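Note sheet for the following structure.
The values are calculated or read from the model by the stated rules, or taken from the named source; none is laboratory data. Keep in mind that this is a model prediction, so the values were computed, not measured. Please note: Cβ atoms are built from the backbone with ideal geometry, for glycine as well, and neighbour counts cover all protein chains shown. Ligands, DNA and RNA are stripped out before the accessible areas are found, and what is left, the full protein with its side chains, is counted by its heavy atoms. Shrake-Rupley method; radii C 1.70, N 1.55, O 1.52, S 1.80 Å.
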Amino acid sequence: MISFFNLVKSIDTNVVKIGFYGIGPTEIRLSFICYNLFLATVGPWSIDTSFGPMSPIDGIVIVTLGIVLITFLMMVWTEGRRLAKEEALSR
């Protein structure tokens, strides 16, 4: 959904944006590298939760998905309002 939203927005604004809030593909790759180095040096470990054993990456993924979903909905909302204002001005 985010890729499609980016495509539509880039067609409308003629600006291609691949990073959001200072986080782009390179930062995501670096975080994966750091986590893999951590696992290689310390080893895998898990935390017992009420949902069962979870690794730290499980918690990070759950929190990240929540943040990405909320951010995506906010971007869609603000972009929709901007487009509605542009359409009202063009009439």
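Side notes on the structure shown:
- Using a cutoff of 8 angstrom between alpha carbon atoms and counting only pairs six or more residues apart, the relative contact order for the chain works out to 15 percent.
- Taking the longest Cα principal axis of the chain as reference, the axis of helix 25-42 is set at about 10 degrees.
- Fraction of accessible area attributable to carbon and sulfur, the chain (%, probe 1.4 Å): 72
- Ordering F51, T41, G66 by the projection of their Cα atoms onto the charge dipole of the chain, which places +1 on the Cβ of Lys and Arg and -1 on the Cβ of Asp and Glu, puts G66 at the extreme positive end.
- Rounded tilt (10° steps) of 2-13 against the dominant C-alpha axis of the chain: 30
- Probe 1.4 Å, protein heavy atoms only - accessible area per residue of the chain in square angstrom: 83
- Label-point separation, S3 to S31 (7 Å along Cα→Cβ), nm: 1.9
- One Cα centroid belongs to the stretch 55-77, the other to the stretch 10-39; the line between them spans 14 Å.
- Against the chain, whose longest principal axis comes from its Cα atoms, helix 56-90 is set at around 0 degrees.
- Correct choice for log10 I(q)/I(0) by the Debye sum over Cα atoms at q = 0.17, 0.24 Å⁻¹ that was computed from the model, options (i) -0.83, -1.11; (ii) -0.89, -1.28; (iii) -0.74, -1.10: (ii)
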